[in-house]
Amino acid sequence: SFIKSSVAKMDRLIGALLKLSREGQRQFLPQSIDMSQLMQSTLDALAHQTRDVNAKISIGKLPPITSDRLALEQIFSNLMDNAVKYLRADVPGNIEVRATETDGAITYEVCDNGRGIDVKDRDRIFDLFRRSGIQDRPGDGIGLAHARTLVRRLGGSINVESEPNHGTVFKVTLPKTWHQPVSEMMT
């Protein structure tokens, strides 16, 4: 049974790596995106999990962006899924999505009142196969690495602010209008 479970885990990891590889080669398509609608559909997809843990997710007024829809869906579904997954059992879950705008960029924030992330783990959570804290939730340590890769391909940055037992804020800063690099247009 140990060998079977190890093979199954390895199969999942290889499948995830192949998916990441294919995603990394996908050509992005910039389009105007209503971020409030995108976040609401992401929230709708998580409705079952949020009900199970009695979490409340609020979405503030989010400015639109010109970027790749599928990449943004993957980034924010991962961040919101993690926020729901790592809530604390001792307090009602509260997750908020908000944004701030500057001249050429928008910073979208996914904030929660969950477990938080220890300072020693804040950089490593973006590394492939690395996770933070106790490993009592399903996952392979691929989601945040994938999100960071997508954010960087979109010309942005992602960072985290967190305190154990007080929650986490993931900040994704993206250009208001993403322009496909010439090198991607030629492939």
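The values are calculated or read from the model by the stated rules, or taken from the named source; none is laboratory data. Treat the numbers as computed from the prediction; the structure is a model and nothing was measured. Note that each Cβ is placed from the backbone with ideal geometry, even for glycine, and that neighbours are counted across all protein chains shown. Just the protein is used for accessible areas: all its heavy atoms, side chains included, with ligands, DNA and RNA removed. Shrake-Rupley method; radii C 1.70, N 1.55, O 1.52, S 1.80 Å.
Observations on the model:
- Using heavy atoms of the protein chains and a probe of 1.4 Å, the accessible area assigned to T102 is about 90 Å².
- With DNA, RNA and ligands ignored, accessible area of Y86 (1.4 Å probe; Å², nearest 10): 60
- Model label sites at T66 and Q31, defined 7 Å from Cα along the beta-carbon direction, differ in position by 1.5 nm.
- Taken one residue at a time, the phi angles of region 98-103 give Karplus couplings (6.51, -1.76, 1.60, θ = phi - 60°) of 9, 8, 10, 10, 10, 3 Hz. Gly and Pro are set to x.
- Computed from backbone phi, the HN-Hα couplings of region 167-177 come to x, 9, 10, 9, 10, 10, 9, 10, x, 4, 10 Hz, rounded to whole numbers (Karplus: 6.51 cos²θ - 1.76 cosθ + 1.60, θ = phi - 60°; Gly and Pro given as x).
- Highest to lowest packing among 64-70, 32-38, scored as the average C-beta count within 10 Å: 64-70, 32-38
- Estimated at the nearest 10 Å², the accessible area of D123 is 130 Å² with a 1.4 Å probe.
- Rounded, prolate or oblate (a/c below 1.5 giving rounded, otherwise prolate when a/b exceeds b/c) for region 68-109 by Cα gyration tensor: oblate
- Remark on I65: its backbone amide H falls under 5 Å from those of I33, M35, a criterion applied only to residues 5 or more positions apart or on other chains, H modelled at 1.01 Å from N.
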